[in-house]
Amino acid sequence: MTSTLLAETSVDAAPAISSEPAKPSLVGLTRAQLAEALAAIGVPAREHRMRVGQLWHWIYFHGVSSFDAMLNVSKTMRAQLAEHYSLTRPQVVAEQISVDGTRKWLIRMNPVDARDKGAEIECVYIPESDRGTLCVSSQVGCTLTCTFCHTGTQRLVRNLTTQEIVQQLVVARDMLGDFPGQTPPTDGLIPSGEGVRAVSNIVFMGMGEPLYNFDQVTDAIGVLTDGEGLSLSKRRITVSTSGVVPQIGPLGDASGTMLAISLHATNDELRNTLVPLNKKYPIRDLMAACRAYPGASNARRITFEYVMLKGVNDSPAEARELVRLLKGVPAKINLIPFNPWPGTAYECSDWETIERFSDIVFNAGYASPVRTPRGRDILAACGQLKSETEKLRARARLALDDEDEQAALSATEAPSQQPLS
Ligand code: SF4
């Protein structure tokens, strides 16, 4: 494992540290929110559409971190924007790089109000030779308590805003040198080649239940898929839910993305234990919602995630029951070897058991890839996203506090200096 603390060498676009209150960032806003920001500084309504178009292009297509780089925006307008707003990103507090190239970033969000100290979330990047997948979070912590999931042991702090969800991609692209003119890092696998983007796919499988933060998540998907900016394909975005049945149909209508269901059991009794939300929305209702998911077809299959837990849900009978359950649903099944975490009562199924399970499902006509565990050495694998980095976090925080102190000191000594960034 390579583990790199970035606190002392924060990324280019890290938020400015100043004794002045931080200016709100425009990065991560929707078009409507950008128009509101313009209105708030007196830009006439007749200019909003054109100005938003300009900002959109520079922020999301070029990924600029300074208003000065916005060459087709007048100097006066740039100065006006810079006086009131910034283009800061949340700060990457620490980066860990797995031996398999997986990267995990500990990201400190900019405070949303005076009481907020800035939420910390983790974001994982999984590179393959021809694509790169970013696993994003939708909440800080989680209200659900899936018993196999490390994140589920962390209480919910709050929902992430649309801006914070979008910023995860912007930060990732900064870190990977994925905006035009940037240089990719050389320490680790980054997919490259004609037309290959470092981040080509997004999965909402990080911290939190995305459908409990519906509006912010669907608005964020709108920004991520806007063809004039970040321009990700809807088919390359997957929203994973533990089964918030009433919101599944609306998700398809509002976003048109791919759907994944965190299933893990084939009967209500076991699923009530593994995914307690099942008590509210049992398997029958969940499957009905999947059958009705807008746009689902053999070309756009719903992914069913099934974590392999030794002696719990991994018998051949359960594999056959899974096949029966999915009848009539355009489905693929993702078998996930359990990634143990400190304090868990579960173990991963034996390899032969996983293969036997996979064969039964495959022979019934379903694709059933066994997901290769990625980033295990840095606890970035599925279900492990709780900040096992607590120690790392503490060290990083110390380093940041030092940095804050230094900044405050130099601000007192030399008030005319620009804020550090
Ligand atoms: S699996 Fe997802 S919904 Fe369940 S506890 Fe973990 S983060 Fe929350």
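Scan the range 122-179 for residues that are away from the ligand (no atom under 16 Å from the Cβ), in a loop (DSSP other than H, G, I, E, B) and at pLDDT 90 or above and jot them down.
Thr161, Leu176, Gly177, Asp178, Phe179 - these are the residues of the range 122-179 that are away from the ligand (no atom under 16 Å from the Cβ), in a loop (DSSP other than H, G, I, E, B) and at pLDDT 90 or above.
Please indicate, with yes or no, whether at least one residue in the range 92-99 is modelled with pLDDT under 90 and either of a type outside the set (Phe, Trp, Tyr) or assigned by TED's automatic domain parsing to the domain that holds Leu176 (or both). Write out each step before concluding.
Of the range 92-99, the ones modelled with pLDDT under 90 are 98-99.
Those left that are additionally either of a type outside the set (Phe, Trp, Tyr) or assigned by TED's automatic domain parsing to the domain that holds Leu176 (or both): 98-99.
Among the residues of the range 92-99, at least one is modelled with pLDDT under 90 and either of a type outside the set (Phe, Trp, Tyr) or assigned by TED's automatic domain parsing to the domain that holds Leu176 (or both), which makes the answer yes.
Could you look through the range 301-348, keep only residues that are among the polar types (S, T, N, Q) and outside any strand (DSSP E or B), and pick out the one that is farthest from the chain's Cα centre (by Cα)?
The first filter runs over the range 301-348 and keeps only residues among the polar types (S, T, N, Q), leaving 303, 313, 315, 334, 339, 344.
After this cut, where a residue has to be outside any strand (DSSP E or B) as well, the list is 313, 315, 339, 344.
Values: Asn313: 28, Ser315: 32, Asn339: 19, Thr344: 24 Å.
The qualifying residue farthest from the chain's Cα centre (by Cα) is Ser315.
Return only the number of the condition from (1) surrounded by fewer than 19 Cβ atoms within 10 Å (Cβ to Cβ); (2) over 21 Å from Ser262 (Cβ atoms); (3) aliphatic (A, V, I, L, M) that Ile107 does not satisfy.
The failed condition is (1).
Quick one: what pairs do we get from the range 202-230, first residue not assigned by TED's automatic domain parsing to the domain that holds Gln168, second at pLDDT 95 or above and surrounded by fewer than 24 Cβ atoms within 10 Å (Cβ to Cβ), C-beta under 9 Å, 6+ apart or different chains?
Within 9 Å, no pair qualifies.
If I go through the range 73-99 residue by residue, how many of them are of a type in the set (A, V, I, L, M, F, W, C) and over 25 Å from the mean Cα position of the chain (by Cα)?
Count: 5.
Residues checked against (1) surrounded by fewer than 22 Cβ atoms within 10 Å (Cβ to Cβ); (2) of a type outside the set (Ser, Thr, Tyr); (3) at pLDDT 95 or above; (4) closer than 23 Å to Leu144 by Cα:
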site: Phe214; (1), (2), (3), (4): yes, yes, yes, yes
site: Ala220; (1), (2), (3), (4): no, yes, yes, yes
site: Gly227; (1), (2), (3), (4): yes, yes, yes, no
site: Leu232; (1), (2), (3), (4): no, yes, yes, no
site: Ser242; (1), (2), (3), (4): no, no, yes, yes
site: Gly252; (1), (2), (3), (4): yes, yes, yes, yes
site: His264; (1), (2), (3), (4): no, yes, yes, yes
site: Asn267; (1), (2), (3), (4): yes, yes, yes, yes
site: Leu270; (1), (2), (3), (4): yes, yes, yes, yes
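Going through the range 45-72 one residue at a time, which ones are outside any helix (DSSP H, G or I), modelled with pLDDT of 95 or more and over 29 Å from the mean Cα position of the chain (by Cα)?
Those that are outside any helix (DSSP H, G or I), modelled with pLDDT of 95 or more and over 29 Å from the mean Cα position of the chain (by Cα): none in the range 45-72.
The values are calculated or read from the model by the stated rules, or taken from the named source; none is laboratory data. Just so you know, these numbers come straight off a predicted model, no measurement behind them. Ideal geometry is used to build each Cβ from the backbone, glycine not excepted, and the neighbour counts take in all protein chains shown.
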